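Each remark here refers to the structure printed beneath this line.
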């Protein structure tokens, strides 16, 4: 797999593509892009079969190890790749460590081991056991093991530990990658840790710059502990550290952030030159019965940012979630029906909300790409920011 | 104005040996090939399946529950929506029950009088509510299903009090007449009477004979599948189908196990419904001709075969037992995947029954089917007896 991007400057919006994928030569993913967040190999509430009713385009599935740990043993015997095992052989897979939708519990550290929380509780991975899994999963893209358990209030000691642990993981995982035949076509993303301390980030980056062969991209790790809180991070708090990192890393490689960033922060991060995100935001919204209704195009007929379909005012509202939206939920189902499903706890309720949210978010990313192309990203940013602010005020 | 009947029934082929028949019933929302199994979409949705998917599977008819829909969203919303078909975006046929069964089974406090069923509402007000035959039809008229059920006086099948059962038989017929009188949409909805009488042959005969005198287009057999012995069960079905006219469809309520379907088709039943296939999917059980697979079991963890190699459903095309085993009862999507499989299983069974009757091979089909379920030929006596009553010898 190759990543091509332009312009090659440090902190500006850019357009790129992931292509020349060995197993899927016709696939071409345009960046800035969004990976489909999965749990246990499925987009929450949407089976791969139903997703085909949402979009026929090729996608990258973000597959957090936390939900896949249960298949660790089975995958040693399974002959195919993780994409085909989870029932989506035409998708690209990106194996990640933590689930962006679930809070990564702090603490629980152990030298040279990282805890993940599976359905059966806490499990530790070290570089060897992690790479064993990666080799048996054979993902198209994967993150190297990292200790990214830092956030804006982490202590210096924690940051130092996160850096030293991750340095060790980096070396050991890359060594193993270089020897592995099964992984010779896998695209490697190196997490960058160091919390909110510039000096730690710089220290970590100069360490990996010494030996960067086989590294195809970077994950800006350690900005938050995942889960719903990431939605409300203030951009001015993360901007300095993100800029510091982007100024130091090679420009031609893929840049990834993980987490449920709100649309305003997505645009802000795109403006800094981030290439790849995930749909965890769609899931977080769906879990609180909220549907995205912010306008992407000026022509979108909406005066709300998001709506909560549990609200009893929708009981006899036979309009779609968003007038003019062409997703399956909006073309075939009403707010009243979805409200009914949610209020009687039927499975189809969150399915219809999630279909709309994922569709809307994919459309949002399409708009971002076309705005970069036309040099109008700032207009979009102003519009989304204003809608977001108004929404915060009315809450 | 069209004066077309809302139910046109035609027998296509009769089995030369048993009472089984293949027929076709044309309802306002399309044709239904009989014998048919109707999955249950209690609250206006079928357990995580989109109507688009059900249409794709070729499903022609499903069931919805009047009691649940009358409580939520309620008749007012259903009327505003233009009926349940429009509300839930299902263009196929629908059948609703009368609500009486739920009242007696769900609500301990239900009290039955000549007027109707008095019960304490489950909604917030906990008010005392009376469900009369007129009210049941009013709700069912608002729902707008193609086939609707009379309110019947339900007595627990295992209740031995003959006096009470005799009362229920007479009352059910009186309520039938009230339902027919109250019915507002005789041109678009068909009321089916329900044959009652639990396990008393004389009472069941009386009930069936009273009902066939009414001007209706089909009949239901109720009060079975409620914990009685299989020996009693099949005899009551046999007796009922002997009395009910050949030229109208016969619906056996609450039956859905594969063996029961095969036997009761032989006894001349045309329509079935049961929550079992969709309910058992939620608990991780997949149906096959050889029996159920409980996918939670350890033995499937490294089983890379589909649930059933011969099954045409998407779940069997795309997923292995090993994968499903890791997600059943953990992810809601696993329930969708197994529900699809189980519905396809039921539909295929009915299709095979129809085809074998058409080809004049039904007795062979029954023998092959039973041999798959009981490879050592240790057939339960009720199966041997019931089939032999319609000239199909198993051994």
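The values are calculated or read from the model by the stated rules, or taken from the named source; none is laboratory data. Keep in mind that this is a model prediction, so the values were computed, not measured. When we count neighbours, we look across all protein chains shown, and the Cβ atoms used for this are built from the backbone with ideal geometry, even at glycine.
Quick check: is even one residue across the range A:110-132 at pLDDT 95 or above, within 14 Å of chain B (Cβ to nearest Cβ) and in contact with a strand residue (DSSP E or B) (Cβ under 8 Å, 6 or more places away or on another chain)? No; the residues of the range A:110-132 include none that is at pLDDT 95 or above, within 14 Å of chain B (Cβ to nearest Cβ) and in contact with a strand residue (DSSP E or B) (Cβ under 8 Å, 6 or more places away or on another chain). Which of the residues that make up the range B:51-88 are within 14 Å of another protein chain (Cβ to nearest Cβ), surrounded by 21 or more Cβ atoms within 10 Å (Cβ to Cβ) and over 21 Å from residue B:118 (Cα atoms)? The answer is B:51, B:62, B:64, B:78, B:81, B:84, B:85, B:87, B:88.
Beta carbons closer than 7 Å, at least 6 apart along the sequence or on distinct chains, pair a first residue in the range B:322-340 that is facing another protein chain (nearest Cβ under 7 Å) and modelled with pLDDT of 95 or more with a second that is in a helix (DSSP H, G or I) and buried (at least 24 other Cβ atoms within 10 Å of the Cβ) for B:322/B:300; B:323/A:85; B:326/A:71; B:327/B:334; B:335/B:281; B:337/B:315; B:337/B:324.
With respect to (1) touching a strand residue (DSSP E or B) at 6+ places or on another chain (Cβ under 7 Å); (2) over 23 Å from residue A:39 (Cβ atoms), the lone exception for residue A:155 is condition (1). Scanning the range A:31-56 for residues that are closer than 22 Å to residue A:260 by Cα, more than 15 Å from the chain's Cα centre (by Cα) and more than 10 Å from chain B (Cβ to nearest Cβ) returns A:51, A:54, A:55.
Just checking, does the range B:98-116 include any residue being under 21 Å from the mean Cα position of the chain (by Cα), modelled with pLDDT of 90 or more and surrounded by 21 or more Cβ atoms within 10 Å (Cβ to Cβ)? Walk me through it before giving the result.
Initial filter on the range B:98-116 (under 21 Å from the mean Cα position of the chain (by Cα)): B:98-106.
Cutting the leftovers down to modelled with pLDDT of 90 or more gives us B:98.
Right, trim to surrounded by 21 or more Cβ atoms within 10 Å (Cβ to Cβ) and you get B:98.
For the range B:98-116, residues under 21 Å from the mean Cα position of the chain (by Cα), modelled with pLDDT of 90 or more and surrounded by 21 or more Cβ atoms within 10 Å (Cβ to Cβ): present.
May I ask you to verify whether residue A:163 is over 20 Å from residue A:244 (Cβ atoms) and either touching a helix residue (DSSP H, G or I) at 6+ places or on another chain (Cβ under 7 Å) or outside any loop (DSSP other than H, G, I, E, B) (or both)?
Details: over 20 Å from residue A:244 (Cβ atoms): no; either touching a helix residue (DSSP H, G or I) at 6+ places or on another chain (Cβ under 7 Å) or outside any loop (DSSP other than H, G, I, E, B) (or both): yes.
The answer is no for residue A:163.
Of all residues in the range A:6-27, those being out of contact with any helix residue (DSSP H, G or I) (no Cβ under 8 Å at 6 or more places or on another chain) and either crowded, with 16+ Cβ neighbours inside 10 Å or without any contact (Cβ under 8 Å) to a residue 60 or more places away in the chain (or both) number 12. Against the numbered list (1) more than 30 Å from residue B:314 (Cβ to Cβ); (2) at pLDDT below 95; (3) outside any loop (DSSP other than H, G, I, E, B), residue B:68 comes up short only at (1). Restricting to the range B:334-353, what's the tally of residues that are touching a helix residue (DSSP H, G or I) at 6+ places or on another chain (Cβ under 9 Å) and within 15 Å of residue B:23 (Cβ to Cβ)? Qualifying residue count, the range B:334-353: 2. Quick check on residue A:86: is it within 14 Å of another protein chain (Cβ to nearest Cβ), on the phi < 0 side of the Ramachandran plot and within 20 Å of the chain's Cα centre (by Cα)? Criteria met by residue A:86. With respect to the conditions (1) farther than 30 Å from residue B:391 by Cα; (2) more than 14 Å from every other protein chain (Cβ to nearest Cβ), residue B:291 falls short on a single one, namely (1). Just checking, does the range B:71-86 include any residue being assigned to a helix (DSSP H, G or I) and touching a strand residue (DSSP E or B) at 6+ places or on another chain (Cβ under 9 Å)? Yes, that holds for at least one residue.
Being closer than 19 Å to residue A:284 by Cα and surrounded by fewer than 23 Cβ atoms within 10 Å (Cβ to Cβ) is the filter here, so list the residues in the range A:336-356 that pass it. Break it down stepwise before answering.
Here is the first cut: in the range A:336-356, the residues closer than 19 Å to residue A:284 by Cα are A:338-339, A:341-343, A:345-356.
Result: A:342, A:343, A:345, A:346, A:347.
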